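Input: a single structure, listed below in structure tokens.
The values are calculated or read from the model by the stated rules, or taken from the named source; none is laboratory data. All values derive from a computational prediction rather than experimental measurement. Using ideal geometry, Cβ is built from the backbone for each residue, glycine included, and neighbour counts are taken over all protein chains shown.
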Amino acid sequence: MSIVCCIVSLAWVSKVSAQVTLNINRIPCDVISFQGVAGTEYTIQTSTDLASTNWNNLGIVIATGSGFCSYTNFPTSTQLFYRGMSVSAGSTSNAAVEITLDAASPLSQTVAVTDLLGGTYLGLPVLVFDVIAQSANLHLGMIKVNLTGSGNGDLTAAYLYQGTNLVASTSVSSGTAMFTIPDGTPGANVPGFANVPYTVKVDVAGVATGTENVVASLSTNQVIYNPSDRSVAVYGSASGNNITVAGVGPVFALTSAPTIGKVVTTDQYGNATDTYTATFNLQITAVGVDLTLGLPNSSYPAFGSSSNSTNVVVYQNGALSPQTYVMVASYSQPSGTTLLPGGNFFSLTVNHTVTVPVTYSFTVRNPGANVYAVQMESINWILDGNDNVSNFMADQTSWRTPGI
């Protein structure tokens, strides 16, 4: 590390990383400048004794965004001849930390209780968020997560994980999970400039019947410390999707990513007609009760055939298409179910699971360079003679085909 001290009352210390001691030997200094690490605080000390062992704290300077530091707040008697000067790299008191939603955070979905008799789901993942340290090493002190529950159940406990490490657990009170995290807790440290994901899980109870909806979020009211145990500024937020826990009713899931293909035909005049076919492979589970679903020719089909309605929509060039298409839905009664009288509906027995391939077809005349995709928006089902609809998948890209 190179150090230069000039008689013109300027001390320059280059690339301070830990601590640098400069033996000045009766050279007056009015300004000390050096290149540090952006956001890091540096303690300036001086000594007037010959051995440079009796240090006096002058103050703290914090590096700017470029890392440049300049300290000028020396005592009034600038004629003091400093025989020693120390610059110590400390923590990052003005460092910021960002909270963001992680891409692995659960999508909106319906899941079945894991204990049908007790109506509980213990350890339900509801949110994955990232803590991004802007400069110095940080450690979590207190994390506040907002938990909104609605329906037939209750949220009783919450857990904060970093990978497989349980960082903290707490009870849920008034829609809030307050995680208090002691120093040294495994998984609670965030290295400088690192992005560390954390997972929030909850215990859901009392869903023997009906459903319970859960949404988790957090914002800037967190306590995160730098190495000097000073809290740092927090910005950003993370809001999870709605997770539905079902004690009674259907659970719908995709067994594979949706696909789409097309067949092009051209008439004698050069006009092209493209026929698009989107395929969705679904898994349906009847939780706690028998379910009834309609076939395509029924009065209440599980997968409707009209475009831009509640069941399915077409995207054109990445946006909802303004056009209306004649959609044809195709699926059949899955094995393991019972065809009901009349032949238009089938019944799925309680706590059984079936797979149903569903295709949607539509045509576009002279599509040109337009790109089309199909989005499933909802599924219809019948319980105790009453029509119901599940639409958690609406607008979720995982329930949308690629564009073609």
### Query
Can you tell which of Asp267, Asp274 is in contact with a Pro (Cβ under 8 Å, 6 or more places away or on another chain) and of a type in the set (Asp, Glu)?
Asp274
### Message
under 25 Å from Ile243 (Cβ atoms), in contact with a strand residue (DSSP E or B) (Cβ under 8 Å, 6 or more places away or on another chain) and either outside any helix (DSSP H, G or I) or not small (Gly, Ala, Ser) (or both): which single residue out of Val364, Val350 fits that description?
### Response
Val350
### Task
Find the residue count for segment 120-137, including only residues that are at pLDDT 95 or above and among the polar types (S, T, N, Q).
1
### Query
What do you reckon, is Ala238 aliphatic (A, V, I, L, M), over 27 Å from Ile382 (Cβ atoms), in contact with a strand residue (DSSP E or B) (Cβ under 9 Å, 6 or more places away or on another chain) and in the same structural domain as Thr220 (by TED's automatic domain parsing)?
yes
## Note on the structure
Checked pairs for segment 152-163, first touching a residue at least 40 places away in the same chain (Cβ under 8 Å) and under 16 Å from Val196 (Cα atoms), second of a type in the set (S, T, N, Q) and surrounded by fewer than 19 Cβ atoms within 10 Å (Cβ to Cβ), C-beta under 9 Å and 6 or more apart or across chains, list as Leu160/Ser169; Leu160/Thr170
### Task
Determine if segment 199-219 includes at least one residue that is free of Cβ contacts under 8 Å to residues at least 24 places away in the same chain and on the phi > 0 side of the Ramachandran plot.
no
#### Entry: Matching residues in segment 347-366 - criterion: being of a type in the set (S, T, N, Q), more than 24 Å from Val263 (Cα to Cα) and in contact with an Asp or Glu (Cβ under 7 Å, 6 or more places away or on another chain)
Ser347, Thr349
### Message
Which of the strands (runs of 3 or more DSSP E) found entirely inside segment 223-316 contain at least 1 residues meeting this: of a type in the set (Asp, Glu) and farther than 30 Å from Gly385 by Cα?
### Response
272-287
### Task
Please go through segment 285-301 and pick out each residue that is in contact with a Pro (Cβ under 9 Å, 6 or more places away or on another chain), surrounded by fewer than 22 Cβ atoms within 10 Å (Cβ to Cβ) and within 29 Å of Thr363 (Cα to Cα).
Gly294, Leu295
### Query
Looking at Thr273, Thr259, Thr255, Thr277, which is the one that is closer than 19 Å to Gln396 by Cβ, surrounded by fewer than 20 Cβ atoms within 10 Å (Cβ to Cβ), over 25 Å from the mean Cα position of the chain (by Cα) and in contact (Cβ under 8 Å) with a residue 60 or more places away in the chain?
Thr259
### Query
Which condition breaks for Gly210 when tested against (1) modelled with pLDDT under 90; (2) under 18 Å from the mean Cα position of the chain (by Cα); (3) closer than 23 Å to His352 by Cα?
(2)
